[in-house]
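No value in this document is a laboratory result; all are computed from the given coordinates. Since we're looking at a predicted model, the values are computed, not measured. No Cβ is skipped: glycine too gets one built from the backbone with ideal geometry, and neighbour counts run over all protein chains shown.
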Amino acid sequence: MARLRRSRGIVLTARDVQETDRLVHVLCEREGKLPLLVKRARRMESPYGAILEPTNYVELIYYVRGGPYLLKEAHLLKHFPSLRADPAALGAALTGLAFAADRLPDGVPEPGAVELVGRFLAELERGLHPRPGLLAFELKLVSLLGHGPHLAGCVRCGGEEGLAWSPEEGLLCRRCGGTGEEVPPSLWRGMRMLSRLPLRAAGRVKLPEAALDRALELLQRFPASASRARP
Ligand SMILES: [Zn+2]
């Protein structure tokens with residue numbers, strides 16, 4: 001018989017499966033990221049579809065079994081109403097949570113990641129500038145997981161001239177084999193500042209929108225070996 005377990009965590013992602021069910025990923029304090037099947041979540045009478053929305057902090061009671069665990073009950077512990085009322089902040093939150101869901105392995109406790117995700121949401125609610133905030137969050141998360149890019153010049157020789165980006169290694173100068181479009185010094189130095197400053201100070205780093213887009217795109221597939229294919 002399947003075991004029942006109780007956990008607390010932050011809902012990272014939720015997507016519809018089958019006709020009325022939903023598959024959610026919750027980042028839990030003790031258990032790491034859990035995949036959870038919520039039966040009939042999209043039926044009118046089910047309260048769980050609304051409770052298990054990304055960004056919500058929830059308590060869960062669920063059956064442990066092979067494949068995604070099966071939800072029995074969920075309770076809302078905390079939500080972020082003013083974040084939900086601000087489309088730019090909500091967009092940054094949902095993108096950051098999906099990035100975290102993609103990077104965190106199932107069932108491996110990552111207490112630092114729970115703390116970082118909670119702080120990202122709380123700072124967004126307090127008015128963190130969404131786009132540099134999102135980039136700072138993603139940089140801090142990959143660094144926490146041991147996959148952060150080296151942002152002090154070429155990863156091989158330390159050179160600072162004419163750096164390009166390798167999806168496997170990060171910043172590479174031309175002599176060390178870097179190819180493609182240059183990553184300007186203002187961009188990689190901005191990324192380095194964002195990775196070091198406290199999250200709440202991310203708005204102090206002034207990067208143009210196009211530079212923020214480029215940095216988020218570089219990180220999306222970095223390192224190529226650590227990005228898992230989505231199901
Ligand atoms: Zn080099």
If you take the charge dipole of segment 3-81 about its Cα centre, with +1 on Lys and Arg Cβ and -1 on Asp and Glu Cβ, which of 27, 63, 13 is farthest toward its positive end?
63
Rounding to the nearest 20 debye, state how big the charge dipole of segment 3-81 is about its Cα centre with +1 on each Lys and Arg Cβ and -1 on each Asp and Glu Cβ.
260 debye
For every helix of n ≥ 4 consecutive DSSP H residues, a contribution of -39,500 (n - 2.57) applies; sum these over the chain, divide by its total residues, and give [θ] at 222 nm rounded to the nearest 500 deg cm²/dmol.
-10500 deg cm²/dmol
With no solvent and one equal point scatterer per Cα, compute the Debye intensity ratio I(q)/I(0) for the chain at 0.17 Å⁻¹ and report its log10, rounded to two decimals.
-1.17
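Do you know the Lys pair count in the chain for C-alpha distances under 30 Å, with sequence separation 8 or more or different chains? Mind showing how you got there, number by number?
Numbers: 33/72; 33/78; 33/140; 39/72; 39/78; 78/140; 140/206.
The number of close lysine pairs in the chain is 7.
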At 15 angstrom or more along the helix axis (alpha-carbon based) and mean Kyte-Doolittle of 0.0 or higher, what helices does the chain contain? Whole DSSP H runs only.
87-103, 111-125, 130-144, 209-220
Place a +1 charge on the Cβ of each Lys and Arg in segment 103-231 and a -1 charge on the Cβ of each Asp and Glu, then give the dipole magnitude about the Cα centre in debye, rounded to the nearest 20.
240 debye
May I ask for the distance between the Cα centers of segment 33-104 and segment 122-138, given as a whole number of Å?
20 Å
Out of 208, 184, 130, any idea which swings most in a Gaussian network model of the chain, alpha carbons joined below 10 Å?
208
